[in-house]
Structure formats: structure tokens, C-alpha cells
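Undergrad: I have a structure here, written as C-alpha cells, and I will follow up with some questions on it.
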Amino acid sequence: MTDTHTVYLGLGSNLGDKAANITLAVQHIEEQIGQVVRQSALYISEPWGFDSENEFVNAVVKCETILSPHQLLRTTQRIERQMGRKRKSCNGVYHDRIIDIDILLYDDLTIDTPSLKIPHPLMQQRDFVMVPLREIEG
């Protein structure tokens, strides 16, 4: 029997039909990552870490997966590309995006590699992550 893992993913969109982008991302997550067992409400937030005229719509989902942490990372990045995301933020430089999927938590694991950090190192600073996370775990 394959072990399943509990993961929390942060979703954000500030381009196009933002709510529809979140809905589509959740569908992709269901198809490619695993069953979404809880989903927060949608939250509106100002851009964090960069200037933009476009507000974000954010949500957090809890899902069950058989993917390893690095497989999960590759799959979330593939979903972002499938949905039209051209470039990933790097070195603290952020851009407008159709979809952003961040791995927040993976079971009780702590991972600190150049390509993957779990728990997400900035999540405690971001109300648009912590409020929906508390909502689905409250």
C-alpha cells in the first residue's frame, strides 16, 4: 500500500479571471496531485513584495498525495506552466501571475534545499496564507 501524505498548498492569481484561475488550479491539483479534502474561501490581497495595480485572489487547499516532496514541486510548477505562467519569481523579485502554487506544508517534514523549502519560509509573514490556512484547520 502506498503512503499518502497531507500537503497544504497556497494558491494566488492576479491576472485574468482570478477566481476562475484558482478554480482551474484546484482541478489540476485534483487530477495531478491528489484529492483536495479542504479548500478555503477566496481572499483578496494586495501584491506582496512588489508593486502592481492588480489585486490578488488567494486560497489554501489541503490535499492528500502519494507524491514525494520533490515530485510535488515539479508537479506544481508544471501546473503553473500549463496554466500559462511564463516565469517563476526568483531572488525576491516578484511578477504579476496567472497562477502561483506554493507548497506550504508537507506532513511534518522540514526540508531546506536550494530548490525546496518546507515549511514555506515566508508563510508566517503573509496574512493571505495564514488566514485561509487557519480557516481550513480551525
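Undergrad: Conditions: (1) at pLDDT 95 or above; (2) open to solvent by less than 30 Å² (accessible area, probe 1.4 Å). Gln71 meets all but one. Number of the miss?
TA: In the conditions (1) at pLDDT 95 or above; (2) open to solvent by less than 30 Å² (accessible area, probe 1.4 Å), Gln71 misses (2) alone.
Undergrad: Cβ-Cβ under 8 Å, sequence separation 6+ or interchain: first residue in the range 1-21 and of a type in the set (Phe, Trp, Tyr), partner surrounded by fewer than 16 Cβ atoms within 10 Å (Cβ to Cβ) and modelled with pLDDT of 95 or more. Which pairs?
TA: Final answer for the pair search is none.
Undergrad: Separate question: Under 7 Å between Cβ atoms, which residue pairs at least 6 apart in sequence (or on different chains) link something in the range 41-52 that is in contact (Cβ under 8 Å) with a residue 12 or more places away in the chain and open to solvent by less than 50 Å² (accessible area, probe 1.4 Å) with a partner that is of a type in the set (A, V, I, L, M, F, W, C) and outside any strand (DSSP E or B)?
TA: Ser45/Phe128
Undergrad: Return the total of residues in the range 28-56 being more than 13 Å from the chain's Cα centre (by Cα), among the polar types (S, T, N, Q) and either modelled with pLDDT of 95 or more or part of a strand (DSSP E or B) (or both).
TA: Residues in the range 28-56 being more than 13 Å from the chain's Cα centre (by Cα), among the polar types (S, T, N, Q) and either modelled with pLDDT of 95 or more or part of a strand (DSSP E or B) (or both): 3 in total.
The values are calculated or read from the model by the stated rules, or taken from the named source; none is laboratory data. The structure presented is a predicted model; accordingly, all values stated were derived computationally and were not measured. Ideal geometry is used to build each Cβ from the backbone, glycine not excepted, and the neighbour counts take in all protein chains shown. Ligands, DNA and RNA are stripped out before the accessible areas are found, and what is left, the full protein with its side chains, is counted by its heavy atoms. Shrake-Rupley method; radii C 1.70, N 1.55, O 1.52, S 1.80 Å.
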